[in-house]
Amino acid sequence: MNRLLKIVGILSIAAGAAAGAIAQINVPGLPPPLPTLPQVADPVTGTLRTAQSTALAEVRKLRVRELLRTERATVETDPDGQPIIRRQIGSLSPSPAALDRARAEGFTVLRTESLDGLGLSLVVLQAPERMSTRRALKRLRELDPEGSYDFNHLYLGAGVGLEALQPAPPPVPQTAAPPASAPIARIGLVDSGIDSDHPVLAGAHIERHGCDGVSMPAVHGTAVASLLIGRAEGFQGVMPGAALYAADIFCGHGGGSMSLLAVALDWMARERVPVVNISLVGAKSLLLTGLVRAMTARGHLLVAAVGNDGPTAPPLFPAAYPDVVGVTGVDGKRRVLPEACRGEQVDFAAVGAGLEAAAVGGGFGEVRGTSYATPIVAALLAASLSAPDPAMAQSALAALESVAVDLGNEGVDPTYGKGLVGADLHPGLAAAVTP
């Protein structure tokens, strides 16, 4: 019995005044519904919150606590409770004079990354002995008031598989995937590692980056990759046949550092990958701000999950940057996921519940969260943007907005953004109860 229904649809996206681009898009299907769980009313939208969604809203906080417990020697939190690497401060394109002043104060240059694709450099400094990370950041900003300094933050995945709440499903037989055709599109993924030996990814066109070339498969990255380009008998992702540029910034750890995220985005820029899926959430950072501006100025579209910290949580980044496409998730009845974040950072909604995705080791698991809605939006944009271009990127966004289904309050709202996309490609959504 197939664990995922194969759904095929055709979407035509007009790129402004240019001719419309027609792309074949496939949206993963819905498995049988989960058992009914206790429900309470959501305080913001009035939708029903289940015990499951309430637990999911706490997952990232629990992951941060676990990170602090297991990697206490190298990880701590910033004043807002966001995880950072202990005694490390990053700086974007510091001047030689600023670095000389930092060295005179006892700081050590751990490494320098030349971000040639973005026209920047990143220097990671280590604080002197007996100087706290917070004090180190304050001192560097005092030494160079015009510079760009911030903590080396860690970013976590913005969605979970239900294996976090119930036993993992057994693996499926390792059957070979159909032969891959020549890539018709390119899309980027910044996440944890992927299991490219999984049947739905075997034979796919995957370009890897990070971890010194060592493959470190992880649950989150594997699931998102399968939803983007996965293909096998009984399973089809959103863009089968596309070339996936996958950057692992976790490398077996509990979070991906700001410094590795910078290197990954620079790689995407050098490879001219037009649309990058970032299903990660974390802190606002001066470093991340500069990287996002450099990417979007070059015409790349960054598509990020808004996160699952709940409707009253503060904005999470990078989705909360105005230049990043923030994605929320809905269920099969077009209701926002109760645990999804709300606010101006929400640009589009897509299905983010009841999906099955590849699990490490060959099996499948049900996944839920804004992370898994993000690939649908990223793929719809990638279908009409073949290369980074500022004008064409804006046209692709406008075209996607023109086909979005308005949900919630009329017009743009903080729950569904500009509306639901991909609804016409999924029978579970297309046949939903009239709002």
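Of all residues being among the hydroxyl-bearing types (Ser, Thr, Tyr) and surrounded by 19 or more Cβ atoms within 10 Å (Cβ to Cβ) in segment 372-394, which is nearest to Ala297 (Cα to Cα)? Just the residue, please. Please lay out each step first, then the result.
Residues of segment 372-394 that are among the hydroxyl-bearing types (Ser, Thr, Tyr), as a first pass: 372, 374, 384, 386.
Retained after the next criterion (residues that are surrounded by 19 or more Cβ atoms within 10 Å (Cβ to Cβ)): 372, 374, 384.
On the way: Tyr372: 26, Thr374: 22, Ser384: 18 Å.
Across segment 372-394, the extreme among qualifying residues is Ser384.
Against the condition part of a helix (DSSP H, G or I), over 16 Å from Ala304 (Cα atoms) and under 16 Å from the mean Cα position of the chain (by Cα), how does Leu260 come out, does it pass? Full working, then the answer.
On the way: part of a helix (DSSP H, G or I): yes; over 16 Å from Ala304 (Cα atoms): yes; under 16 Å from the mean Cα position of the chain (by Cα): yes.
In short, yes.
For segment 249-280, the candidate set comprises residues that are in contact with a Pro (Cβ under 8 Å, 6 or more places away or on another chain) and modelled with pLDDT under 95; within that set, the residue that is nearest to Tyr372 (Cα to Cα) is Ser279.
None of Val325, Val330 is crowded, with 23+ Cβ neighbours inside 10 Å, more than 13 Å from the chain's Cα centre (by Cα) and touching a residue at least 12 places away in the same chain (Cβ under 8 Å) except Val330. The set of residues from segment 342-356 being more than 22 Å from Asp424 (Cβ to Cβ), touching a residue at least 60 places away in the same chain (Cβ under 8 Å) and within 17 Å of the chain's Cα centre (by Cα) comprises just one member, Arg342.
Entry remark, segment 126-155: residues being on the phi < 0 side of the Ramachandran plot, basic (Lys, Arg) and out of contact with any helix residue (DSSP H, G or I) (no Cβ under 9 Å at 6 or more places or on another chain) number 4 in total.
For segment 283-299, the count of residues that are open to solvent by less than 10 Å² (accessible area, probe 1.4 Å), outside any helix (DSSP H, G or I), closer than 29 Å to Thr74 by Cβ and polar (S, T, N, Q) is at least one.
Of the residues Ser95, Ser114, the single one that is surrounded by fewer than 18 Cβ atoms within 10 Å (Cβ to Cβ) and in contact with a strand residue (DSSP E or B) (Cβ under 8 Å, 6 or more places away or on another chain) is Ser114.
The values are calculated or read from the model by the stated rules, or taken from the named source; none is laboratory data. These numbers come from a predicted model, not from an experiment. When we count neighbours, we look across all protein chains shown, and the Cβ atoms used for this are built from the backbone with ideal geometry, even at glycine. Surface accessibility is based on the protein's heavy atoms, side chains included, excluding ligands, DNA and RNA. Shrake-Rupley method; radii C 1.70, N 1.55, O 1.52, S 1.80 Å.
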